[in-house]
1. Please give the Cα centre distance for segment 310-332 versus segment 233-287, rounded to the nearest Å.
2. Take the alpha carbon atoms of segment 161-263, find their radius of gyration, then divide it by 2.2 N^0.38 Å using N residues; give the quotient.
3. Is there a quick way to get the dipole size of the chain? I mean about its Cα centre, with the Cβ of Lys and Arg at +1 and of Asp and Glu at -1; what is the value in debye to the nearest 20?
4. Modelled label-to-label distance, Arg232 and Ser460, 7 Å Cα→beta-carbon offset: nm?
5. Among Thr493, Ser460, Val387, whose Cα projects farthest towards the positive end of the dipole of segment 372-515, with charges put on the beta-carbon of Lys, Arg (+1) and Asp, Glu (-1)?
6. Output the 0 to 90 degree angle, nearest 10, between the alpha-carbon long axis of helix 458-468 and the longest principal axis computed from the alpha carbons of the chain.
7. How big is the dipole moment of segment 257-299 about its Cα centre under a simple scheme where the beta carbon of each Lys and Arg is +1, that of each Asp and Glu is -1, and everything else is neutral? Debye, nearest 20, please.
8. Does anyone have the angle between helix 28-45 and the longest principal axis of the chain? Alpha-carbon axes, 0 to 90°, nearest 10?
Amino acid sequence: MEDKTQIQEAIKIQGEVVRKLKSEKASKDQIDEEVAKLLELKAQLGGDDGKHQFVLKTAKGTRDYNPKQMAIREKVFNTIIRCFKRHGAETIDTPVFELKETLTGKYGEDSKLIYDLKDQGGELLSLRYDLTVPFARYLAMNKITNIKRYHIAKVYRRDNPAMTRGRYREFYQCDFDIAGQYDAMIPDAECLKIVHEILSELDLGDFRIKVNDRRILDGMFAVCGVPDDKFRTICSTVDKLDKMAWEDVKKEMVNEKGLSEEAADQIGEYVSMQGGMDLAERLLQDQKMSQSKQACAGLSDIKLLFSYLQLFQVTDKVVFDLSLARGLDYYTGVIYEAVLTQAGVAPVATEAQRGAPAEESVSVGSVAGGGRYDGLVGMFDPKGRKVPCVGVSIGIERIFSIMEQKAEASAEKVRTTEVQVMVASAQKNLLEERLKLVTELWNAGIKAEVMYKKNPKLLSQLQHCEEAGIPLVAILGEQELKDGVVKLRVVSTREEFDIHRADLLGEIRRRTSEA
């Protein structure tokens, strides 16, 4: 009994916490977290009969998708898949979990975010963290040396979710990769062209594609006096420049990573540089940079890349940015990232204020990223045979966040079904006739539906069409049946036409194709 009293007291206190956050208009994430705690306390209390109650909520960092949200997702997926297919890609699938050792040591400091599965007395397994490492494992295992593939599937990260920003623990990735030994920068340029096409077609607003090269970064670290063993860790700090001010990044390099202040200042000069082919040419002449063979090789490739991007007509959106680092360990050459730049969807400089109410605005930052990873397949191959690869991952969840909020903001109705025509009746006792006609339509490949009532009111049938956005109604009545016609009603204009039964399929097809 005492336990019950304590739980009731805790529920009271937690209830106050939730009310206070709501009155202060705290971020949705904060409120959701505290509401989840309140629900768990209530579940501990149990129902009136003392039985344990289920907590009806999704797991932290996950969500359900209603029909409207799924309709938006489907539209986005179709746009992306069309683009991948336009560029000649085929698709594969891999298991949602991999052997733990397959994923270990591939993600640098992010390895701590991998979900390990409980040992069930067999193999040690982990949920996949991305689609790239499983792809490399697939290539090595099947001895594939060239393929152009796309893969759309869910991945899992034990991250601290910021769901209003489109960051989750379970989310989709859309990857496009080109594996094989080809001439420098041609496949890399096509990956950037694909990003440009997808973001332009989705019409998310203005965007920039930042480009850099791991060899330029490593060369820069070397000439600035960064010890070899600190390259990767300094790289992951530079990667935070889109979220933190340079002063904070420098502080982390010096105080936490043990880099000298002088080396950090030299890095600071370089990472502030942005440009195009002209910047690559200038850096090739740079007194310090030109001392690094690695950096020179990277800069020459960036020049070549920009020459192909000009032919692909995408240089208006691409910028060579020395601050771009991308933290993953497996990149070996060109790296790139696309960010949205228009007001309200700015690059995530605001991520520093994670809990701020401003989080409700659509500031999602990076929406695509990728690069060249020539050594990853070799890590899995018993003989260490390398398969050069370059690829891009579209940040689909972040894109969904924007599309959903745009749909909310616009008055435009999102259709959740594709029904073209409703078969309705104007009088009673016409169920058989309705079922015959709807069967005729289905057999002809027309998307149609009928109300599941013997004698539905005509008004309720028409209202259903208006609510669901169904464009046409085929109305049957006794007179129509005698005359061998169907009354076809256009829902938007409320016009009605008598159409001969023999002409009905053609008329429906004509009207729906026009729409």
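What follows is calculated from the coordinates using simple rules that are stated; it is not laboratory data. Here the structure is a predicted model, which means the values were calculated and not measured. No Cβ is skipped: glycine too gets one built from the backbone with ideal geometry, and neighbour counts run over all protein chains shown.
1. The two parts, judged by their Cα centres, are 16 Å apart.
2. On the way: Rg = 17.8 Å, N = 103, 2.2 N^0.38 = 12.8 Å.
That ratio works out to 1.39.
3. Details: 76 positive and 82 negative charges, 218 e Å.
It comes to approximately 1040 debye.
4. About 6.6 nm separates the two model spin labels.
5. Positive-most Cα among the choices belongs to Val387.
6. In the chain, helix 458-468 runs at an angle near 10 degrees to the longest axis.
7. Numbers: 4 positive and 7 negative charges, 44 e Å.
My answer is approximately 200 debye.
8. That works out to roughly 70 degrees.
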